[in-house]
């Protein structure tokens, strides 16, 4: 699959159809999120990263997904209310999508098809397997809070496992490297 990731139609949580071209020329961290996950607390670190780097050109694009143990059951309005009231999230939240399986959103089809190896893969995969939770192979999204970093050129620069927190030095360094590019 080829084409520009920024051109793929997406919908904001308020229902407005758009594309990621709104953020053309910026560094974009795409994250599939969930409100009832053990990793949900990452919203706090995502917001801190966003506040610290948005003036330099970072955008965090949150895509709620209910694909993993139904940990994002709410409506788009419920999700936005939770994120803003609990974590004071200021970064864009998009409409709930599917990130795995046959109904996978075109954005995630392309992210997965063209993404590099996942930084930090292993510990979360092993934890899920130890709990008897089947995990996807072949580059599929492992769980909530997997992160894809797009450079200013709209191409994937890095991919991070769900348990690589937003303040992890590997992620922070990759973001800084992309922000430094003209």
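The values are calculated or read from the model by the stated rules, or taken from the named source; none is laboratory data. The shown structure was predicted, so the numbers you read here are calculated from the model rather than taken from an experiment. Note that we place each Cβ from the backbone using ideal geometry, even for glycine, and neighbour counts take in every protein chain shown.
Brief remarks on what is shown
- Single match in 61, 65, 117 (criterion: under 21 Å from residue 171 (Cβ atoms) and in contact with a helix residue (DSSP H, G or I) (Cβ under 8 Å, 6 or more places away or on another chain)): 61
- In the set (1) closer than 18 Å to residue 160 by Cβ; (2) within 16 Å of the chain's Cα centre (by Cα); (3) touching a residue at least 40 places away in the same chain (Cβ under 8 Å), the condition left unmet by residue 53 is number (2).
- Within this structure, residue 140 passes the test of being at pLDDT 90 or above, closer than 21 Å to residue 39 by Cα, in contact with a helix residue (DSSP H, G or I) (Cβ under 8 Å, 6 or more places away or on another chain) and surrounded by 13 or more Cβ atoms within 10 Å (Cβ to Cβ).
- Some residue of the stretch 21-28 being in a helix (DSSP H, G or I) and in contact with a helix residue (DSSP H, G or I) (Cβ under 6 Å, 6 or more places away or on another chain): yes
- Here 104, 147 are screened, and the one residue that is without any contact (Cβ under 8 Å) to a residue 40 or more places away in the chain, within 26 Å of residue 8 (Cα to Cα) and surrounded by 18 or more Cβ atoms within 10 Å (Cβ to Cβ) is 104.
- Residue match in the stretch 168-181 (condition: surrounded by fewer than 20 Cβ atoms within 10 Å (Cβ to Cβ), modelled with pLDDT under 95 and out of contact with any helix residue (DSSP H, G or I) (no Cβ under 7 Å at 6 or more places or on another chain)): yes
- Candidate set: the stretch 68-101, residues that are closer than 12 Å to residue 141 by Cα and touching a helix residue (DSSP H, G or I) at 6+ places or on another chain (Cβ under 8 Å); chosen: the one surrounded by the fewest Cβ atoms within 10 Å (Cβ to Cβ): 98
- Just one of the listed residues (155, 109) is surrounded by fewer than 20 Cβ atoms within 10 Å (Cβ to Cβ) and within 14 Å of the chain's Cα centre (by Cα), namely 109.
- If you filter the stretch 45-57 down to residues that are out of contact with any helix residue (DSSP H, G or I) (no Cβ under 6 Å at 6 or more places or on another chain) and under 21 Å from residue 182 (Cβ atoms), you find that the one that is surrounded by the fewest Cβ atoms within 10 Å (Cβ to Cβ) is 55.
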